[in-house]
Amino acid sequence: MTHPKEERTFVLVKPDGVMRGLVGEVLTRFEKRGLKIIALKMVWPTAEHINKHYPSHDEWFKSVGSRTKEFFDGKKINVNEHFGTDDVVEIGKQVKSWLADYLTAGPVVAMVIEGMHAISTVRKIVGHTYPIEALPGTIRGDYSVDTPSAANVEKRVVKNIVHASGNQEESSHEIEHWFSPEEIHDYKRAEEDIMF
Ligand code: UDP
Ligand code: MG
């Protein structure tokens, strides 16, 4: 088992975050929490690279589509009217097709973050997928306000500044997809002996 303080996760500042000048702000929040940036680069990704970044199995389509449907149902908006279906797998596939448009609109900043339960800790700092639901104090909750009921009806994805791996399987795949082993660095941060 990996020691909890050595868990790794993958984060991307999406094109809206880069174009809004929020790269520094995003990095600062992870650094101040005591998480360590161990790889970092700017890339203008291709659509193919983005399509391989996100999973292509029904389980993932279902998880994305179900959340979309639940959100629309909660707002009493007819999901069928906007997606042409209420099949959650089909909805997930449509969302994925728009992700390539969003993430190739400009350069992104990719990074690997290491630290105490990094996957779940980073997700907490990032906040809810839908900025309108994200709590103040989180990155998405402090800097964005987009919502599926505006975005998905315009046939685009929700703009939410950052991507962060959702679980161990995603983090292993994403780190390998974006970085070669030589680009990932091992070093000690000064606070390590004091913080834990
Ligand atoms: N997304 C969207 N509408 C949805 C669900 C997702 O536009 O109903 C977009 C959004 O940009 C999100 C990305 O698809 O960040 C991937 O979805 P996921 O459920 O993995 O959310 P995340 O892990 O990014 O919070
Ligand atoms: Mg995700």
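The values are calculated or read from the model by the stated rules, or taken from the named source; none is laboratory data. In this text the structure is predicted, and so the values were computed from the model without any measurement. Cβ coordinates were reconstructed from backbone atoms using ideal geometry, including for glycine residues, and neighbour counts include every protein chain displayed. The area values use the complete protein model at the heavy-atom level, side chains included, leaving out ligands, DNA and RNA. Shrake-Rupley method; radii C 1.70, N 1.55, O 1.52, S 1.80 Å.
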Show log10 I(q)/I(0) for segment 2-135 at q = 0.15, 0.17, 0.18 Å⁻¹, two decimals, from a solvent-free Debye sum over equal Cα scatterers.
-0.88, -1.07, -1.15
For every helix of n ≥ 4 consecutive DSSP H residues, a contribution of -39,500 (n - 2.57) applies; sum these over the chain, divide by its total residues, and give [θ] at 222 nm rounded to the nearest 500 deg cm²/dmol.
-13000 deg cm²/dmol
State in Å² the accessible area per residue of segment 54-143; use a 1.4 Å probe, count heavy atoms of protein chains only, and round to the nearest integer.
46
The percentage of the accessible area of segment 89-189 (probe 1.4 Å, all protein chains present) made up of carbon and sulfur atoms, to the nearest whole number, is 54
To the nearest 20 debye, what is the magnitude of the charge dipole of segment 1-60 about its Cα centre, counting +1 on the Cβ of each Lys and Arg and -1 on the Cβ of each Asp and Glu?
360
Amide hydrogen neighbours beyond the local backbone of Trp44, cut-off 5 Å, H modeled:
Val108
What are the extents of the Cα atoms of segment 63-196 along their three principal axes, listed from largest to smallest and rounded to whole Å?
55, 31, 26
Work out the P(r) tail for segment 78-141: percent of alpha carbon pairs separated by more than 19 Å, whole number.
58
Sequence neighbours fewer than 8 away in the same chain don't count; with that in mind, list the lysines whose C-alpha is under 17 Å from Lys52.
Lys14, Lys93, Lys96
Mean Cα-pair separation over length for segment 123-196, i.e. relative contact order, pairs under 8 Å, 6 or more apart, %:
21
Any idea of Ile77's accessible area? Nearest 10 Å², probe 1.4 Å.
50
Given charges at Cβ of Lys, Arg, Asp, Glu: segment 1-145 dipole, positive-most of Val26, His53, Val13:
Val26
